[in-house]
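Shown next, in structure tokens, is the structure this report addresses.
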Amino acid sequence: MEEHSDSIYSKARQLKIEDFTYELPDRRIAKYPLGKRDASKLLVWQNGAISQSTFNNLATFLPEGSMLVFNNTKVIRARLLFYKTTGAKIEIFCLEPNTPSDYQIAFQQTSSVEWKCIAGNAKKWKEGTLHKTITIDNQQVTLSASQVEKTGNDFIIRFSWNQPFAFSEIIEHAGVIPIPPYLNRETEKSDIARYQTIFARIKGSVAAPTAALHFTDAVTQSLLDKNILMEELTLHVGAGTFQPVKSEKMEGHDMHSEVVSLSKKLVKNLIEHKAKVIATGTTSVRSLESIYWLGIKLAGTNPPPGNLHISQWEPYKTTCPITTERALQNVLQYMDKHALDFLNFTTQIIIAPGYEFKIIDGMLTNFHQPKSTLLLLIAAFLGNQWKEVYKFALKNNFRFLSYGDSNLYLR
């Protein structure tokens with residue numbers, strides 16, 4: 001077993017990103033969403049067979065009694081524009097809270113907070129405090145930003161403001177929804193609603209879990225009518241989701257880390273549910289699969305809550321796997337022991353060819369960029385047939401990327 005594990009680990013690290021590319025003309029990238037969310041095309045891959053339909057027919061393709069898991073994260077207005085007295089524009093892109101590091105607590109702060117950020121045009125902002133005036137409930141508020149420290153290519157920036165509003169209100173009024181960079185356009189009014197899913201509840205993402213952008217209340221009702229169990233988890237999507245793979249081989253690529261929050265109810269239902277588990281989006285795939293490896297980590301150990309992390313290559317190095325049910329039981333027992341209704345952990349997991357899926361039986365997803373870690377994830381599930389799927393989509397005028405059409409993959 002150890003040799004097998006070493007072999008999978010070695011092969012995964014030696015994967016060449018050049019083998020996971022395809023020709024994507026700019027005209028095939030959907031710059032805007034369709035007028036109706038559920039009018040998008042739906043490509044269906046089931047055990048090797050490819051067909052197409054429209055998303056409003058999703059329920060007809062899902063086995064009755066399946067569990068569909070959504071990411072309920074909500075995109076925040078993470079782009080903050082400031083202007084120096086010289087007129088220079090400084091764009092601050094909020095990535096994740098630093099102090100306090102808990103998202104919910106950070107959004108509740110009423111005077112100051114520190115965030116890890118990217119600073120655009122930073123060469124023009126060597127020192128000094130930036131200021132921006134906004135209006136909330138007819139009150140003028142001055143939002144200030146100052147550099148605390150530089151960490152690699154990122155900055156820790158301290159935001160402070162002079163009126164007792166929560167930071168969630170501050171950023172809602174001061175910021176702009178960050179649409180994907182490959183759309184090559186500024187955020188427009190329509191994006192405020194359309195770049196959020198109908199399941200968005202928990203603030204924290206800087207990018208939408210786009211597979212769920214196609215859902216409407218009508219589609220949701222059609223799923224409930226077919227006894228599809230609908231569950232939620234939270235993974236706050238970071239800017240790293242757009243990070244290109246710059247190394248020739250995957251061993252040179254550092255996956256971004258993201259925060260996952262799962263409920264005891266979800267874990268119990270995963271244990272008790274005997275039908276297919278289908279993840280809505282790659283964020284849900286990574287979250288669900290990470291739960292299994294978390295269960296291995298918790299076997300016979302008692303780490304404190306808040307200090308749980310799944311590293312990038314952990315799934316490929318494990319030499320003592322356990323059953324999925326046993327892993328889930330370990331997570332549930334840990335939550336019971338620490339009286340937790342919700343468990344937070346971070347995951348850096350990379351899912352690439354050679355990975356063996358432990359929890360999901362299918363997924364809904366959009367079409368992904370060439371040479372991306374998301375395309376690696378698709379290849380891990382479909383094998384080399386990912387090329388046929390993408391060739392079919394290009395031939396049949398599917399729309400690509402965040403505002404594009406949908407895929408359903410089922411085994």
Select, from Ala379, Ala393, the only residue that is touching a residue at least 24 places away in the same chain (Cβ under 8 Å), in the same structural domain as Glu23 (by TED's automatic domain parsing), of a type outside the set (Val, Ile, Thr) and over 19 Å from Met255 (Cβ atoms). Ala393
Kindly provide the set of residues from segment 192-232 that are in a loop (DSSP other than H, G, I, E, B) and among the basic types (Lys, Arg), ordered by number. Arg201, Lys226
Filtered residue count, segment 1-34, keeping only those that are surrounded by 16 or more Cβ atoms within 10 Å (Cβ to Cβ), part of a helix (DSSP H, G or I) and of a type in the set (Gly, Ala, Ser): 2
State all residues of segment 35-88 that are assigned to a loop (DSSP other than H, G, I, E, B) and of a type in the set (A, V, I, L, M); if no residue qualifies, say none. Leu62, Ile76, Ala78, Ala88
Which numbered condition in (1) crowded, with 21+ Cβ neighbours inside 10 Å; (2) at pLDDT 95 or above; (3) under 22 Å from Gly238 (Cα atoms) is the only one that Arg158 fails? (1)
Every residue from segment 223-251 that is among the hydrophobic types (A, V, I, L, M, F, W, C) and within 25 Å of Thr197 (Cα to Cα): Leu223, Leu224, Ile228, Leu229, Met230, Leu233, Leu235, Val237, Ala239, Phe242
Would you tally the residues in segment 203-226 being in contact with an Asp or Glu (Cβ under 9 Å, 6 or more places away or on another chain) and either among the aliphatic types (A, V, I, L, M) or closer than 22 Å to Leu58 by Cα (or both)? 7
Considering every residue within segment 76-88, establish whether at least one is under 30 Å from His214 (Cα atoms) and among the β-branched types (Val, Ile, Thr). yes
Return yes when Lys126 is loosely packed, with under 14 Cβ neighbours inside 10 Å and either assigned to a loop (DSSP other than H, G, I, E, B) or in contact (Cβ under 8 Å) with a residue 40 or more places away in the chain (or both) and no when it is not. yes
Filter segment 380-411 for residues that are among the polar types (S, T, N, Q) and either assigned to a loop (DSSP other than H, G, I, E, B) or under 21 Å from the mean Cα position of the chain (by Cα) (or both) and give the result. Asn396, Asn397, Ser402, Ser406, Asn407
Considering residues that are touching a Ser or Thr at 6+ places or on another chain (Cβ under 7 Å) and either of a type outside the set (Val, Ile, Thr) or within 17 Å of Ala352 (Cβ to Cβ) (or both), the number found within segment 288-307 is 2
Whether any residue in segment 135-152 is polar (S, T, N, Q), surrounded by 12 or more Cβ atoms within 10 Å (Cβ to Cβ) and in contact with a helix residue (DSSP H, G or I) (Cβ under 7 Å, 6 or more places away or on another chain) is what I want to check. no
Can you find a residue in segment 344-352 that is aliphatic (A, V, I, L, M), within 20 Å of the chain's Cα centre (by Cα), at pLDDT 95 or above and within 30 Å of Ile192 (Cβ to Cβ)? no
Is it the case that segment 177-197 has a residue that's out of contact with any helix residue (DSSP H, G or I) (no Cβ under 9 Å at 6 or more places or on another chain), in the same structural domain as Asp38 (by TED's automatic domain parsing), within 24 Å of Asp102 (Cα to Cα) and in contact (Cβ under 8 Å) with a residue 60 or more places away in the chain? no
For segment 278-320, the count of residues that are touching a residue at least 40 places away in the same chain (Cβ under 8 Å), on the phi < 0 side of the Ramachandran plot and touching a helix residue (DSSP H, G or I) at 6+ places or on another chain (Cβ under 7 Å) equals 14
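The values are calculated or read from the model by the stated rules, or taken from the named source; none is laboratory data. Since the structure is predicted, the reported quantities are computational estimates derived from the model, not experimental observations. Virtual Cβ from ideal backbone geometry, glycine too; neighbours counted across all protein chains shown.
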